[in-house]
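The values are calculated or read from the model by the stated rules, or taken from the named source; none is laboratory data. Values in this document were obtained by computation on a predicted structure and should not be read as measured data. Don't worry about glycine lacking a Cβ; one is built from the backbone with ideal geometry, like all the others, and counts go over all protein chains shown.
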Ligand SMILES: C[S@@+](CC[C@H](N)C(=O)[O-])C[C@H]1O[C@@H](n2cnc3c(N)ncnc32)[C@H](O)[C@@H]1O
């Protein structure tokens with residue numbers, strides 16, 4: 001196949017070996033800066049974090065990329081490129097991105113790596129083409145070049161799915177694979193009875209699998225034989241509780257006793273109905289508040305996913321009290337620290353509402369991580385799902401050290417106390433909940 005390398009100096013892409021179509025100046029009014037790629041970059045990055053390049057890079061990194069179409073040529077020249085289509089292909093057992101560039105009468109192909117694709121796309125978008133359609137397993141994204149303004153991005157539910165044998169067979173294998181009917185995913189509407197993932201639910205499907213990977217990593221911390229006892233605090237509709245049950249029982253063949261707890265009567269009734277319909281042995285749902293729950297026996301794994309505000313702290317406090325082997329928590333909205341911060345607590349930061357709010361959330365999770373460490377838990381703060389969907393996507397994963405009784409480190413205690421001091425906190429919810437119980 002003919003292959004034309006993009007020039008590293010020019011922002012425009014030639015697309016043909018012999019007679020490269022030289023794009024004329026765009027027909028649309030073009031501000032001075034649009035001819036200089038370095039200025040284009042600065043301008044778009046200044047005005048918004050999200051650009052076609054960042055979305056594309058993230059789709060390639062997350063392996064959600066399906067197809068890219070560049071259209072709306074900015075030049076009317078006969079030799080100018082009219083359209084570029086990029087799709088996944090397998091070449092010699094490797095995933096490549098086939099860049100098919102169409103000009104008046106011919107189509108030229110070249111096979112690119114992911115990095116090359118990002119560079120090449122960046123070099124033509126806003127120079128040769130004004131529109132881009134990025135199809136991923138998560139969403140259909142339309143990006144419009146907007147000269148001096150931020151790129152216009154529209155997001156719609158995904159309409160396309162990975163096709164067999166088009167590079168995606170080299171994708172990471174999910175713990176619950178697409179294409180194989182999984183009863184609970186069919187029941188909750190993520191899969192069709194055939195096993196095909198509904199396009200609009202692909203994001204949920206990935207989130208469930210990602211969650212299971214975090215649990216999978218914890219398995220060595222849980223008892224190697226006998227039943228595994230789990231509580232899922234604030235289970236809500238329980239997508240992830242059913243997923244956890246599926247992982248432990250169907251995939252790992254373990255006996256379990258899992259309780260999904262929530263204050264909402266209707267969701268608990270619904271979950272109980274589904275658990276019964278699917279004959280999920282060892283899975284029970286219970287109405288109740290986290291802070292009042294008493295387990296029937298020792299809990300090995302405590303889970304709290306998106307439990308509102310200080311409910312996460314109540315879940316962590318319970319797990320610490322019960323000395324659970326492992327804890328998984330994805331905090332949700334958090335108001336306590338934000339309310340404690342004054343405009344002048346950290347001048348220059350806390351005077352801006354959004355910054356104060358985000359800082360307070362991060363500070364709260366830092367406090368939680370430190371507190372867990374101080375109580376004998378090796379703690380990680382991980383990214384649960386892509387920040388594209390929500391900034392509240394951190395996962396705290398904590399594993400009880402075998403020597404949990406070892407005296408706490410003085411420097412860690414000092415760091416924790418200093419953080420509290422900076423935040424102007426004397427005591428906060430998790431600390432109070434644990435101290436109140438001792
Ligand atoms: C945002 S939903 C998350 C549901 C589920 N864990 C998930 O990640 O999809 C939070 C749930 O926590 C429940 N919840 C909040 N505070 C609670 C408390 N103190 N005790 C029990 N459930 C609580 C709410 O009723 C709600 O169903």
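Can you tell me which residue in the stretch 289-305 is nearest to the ligand (Cβ to nearest atom), limited to those that are in contact (Cβ under 8 Å) with a residue 60 or more places away in the chain and over 12 Å from residue 262 (Cα atoms)?
303
For residue 66, all conditions in the list (1) modelled with pLDDT under 85; (2) within 23 Å of residue 202 (Cβ to Cβ); (3) within 23 Å of the chain's Cα centre (by Cα) hold save one; what is the number of the exception?
Unmet for residue 66, out of (1) modelled with pLDDT under 85; (2) within 23 Å of residue 202 (Cβ to Cβ); (3) within 23 Å of the chain's Cα centre (by Cα): (1).
List the residue pairs whose Cβ atoms are under 6 Å apart, where the first residue sits in the stretch 231-248 and is under 23 Å from residue 294 (Cα atoms), the second is modelled with pLDDT under 95 and within 11 Å of the ligand (Cβ to nearest atom), and the two are 6 or more positions apart or on different chains.
233/307; 234/307; 234/311; 240/211; 240/305
Can you spot a residue in the stretch 329-351 that is assigned by TED's automatic domain parsing to the domain that holds residue 259, closer than 18 Å to residue 262 by Cβ and touching a strand residue (DSSP E or B) at 6+ places or on another chain (Cβ under 6 Å)?
Yes, the conditions are met somewhere in the stretch 329-351.
Take residue 275 and decide whether it is buried (at least 22 other Cβ atoms within 10 Å of the Cβ), assigned by TED's automatic domain parsing to the domain that holds residue 395 and more than 13 Å from the ligand (Cβ to nearest atom).
yes
Counting just the residues of the stretch 313-354 that are at pLDDT below 95 and within 10 Å of the ligand (Cβ to nearest atom), which one comes out surrounded by the fewest Cβ atoms within 10 Å (Cβ to Cβ)?
333
Of all residues in the stretch 188-215, which are farther than 20 Å from residue 161 by Cβ and surrounded by fewer than 15 Cβ atoms within 10 Å (Cβ to Cβ)?
213
For residue 299, state whether it is surrounded by fewer than 21 Cβ atoms within 10 Å (Cβ to Cβ), touching a helix residue (DSSP H, G or I) at 6+ places or on another chain (Cβ under 6 Å) and in the same structural domain as residue 228 (by TED's automatic domain parsing).
Against the criterion (surrounded by fewer than 21 Cβ atoms within 10 Å (Cβ to Cβ), touching a helix residue (DSSP H, G or I) at 6+ places or on another chain (Cβ under 6 Å) and in the same structural domain as residue 228 (by TED's automatic domain parsing)), residue 299 does not qualify.
Go through the stretch 95-115 and count every residue that is out of contact with any helix residue (DSSP H, G or I) (no Cβ under 8 Å at 6 or more places or on another chain) and either assigned to a strand (DSSP E or B) or under 25 Å from residue 158 (Cα atoms) (or both).
Summing the residues that are out of contact with any helix residue (DSSP H, G or I) (no Cβ under 8 Å at 6 or more places or on another chain) and either assigned to a strand (DSSP E or B) or under 25 Å from residue 158 (Cα atoms) (or both) in the stretch 95-115 gives 14.
Every residue, every condition in (1) closer than 21 Å to residue 298 by Cα; (2) modelled with pLDDT under 90, yes or no:
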position	(1), (2)
197	no, yes
211	no, no
223	yes, no
233	yes, no
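Go through (1) modelled with pLDDT under 95; (2) assigned to a loop (DSSP other than H, G, I, E, B); (3) within 16 Å of the ligand (Cβ to nearest atom) one by one and return the number of the condition residue 201 breaks.
For residue 201, the failing item is (2).
Pick from 412, 401: which is at pLDDT 80 or above, touching a strand residue (DSSP E or B) at 6+ places or on another chain (Cβ under 7 Å), in the same structural domain as residue 381 (by TED's automatic domain parsing) and surrounded by fewer than 14 Cβ atoms within 10 Å (Cβ to Cβ)?
401
Hey, can you tell me all the residues within the stretch 213-269 that are touching a strand residue (DSSP E or B) at 6+ places or on another chain (Cβ under 9 Å), within 12 Å of the ligand (Cβ to nearest atom) and in a helix (DSSP H, G or I)?
If the condition is that a residue be touching a strand residue (DSSP E or B) at 6+ places or on another chain (Cβ under 9 Å), within 12 Å of the ligand (Cβ to nearest atom) and in a helix (DSSP H, G or I), then 240, 241, 242, 244, 265, 267, 268 are the ones that fit.
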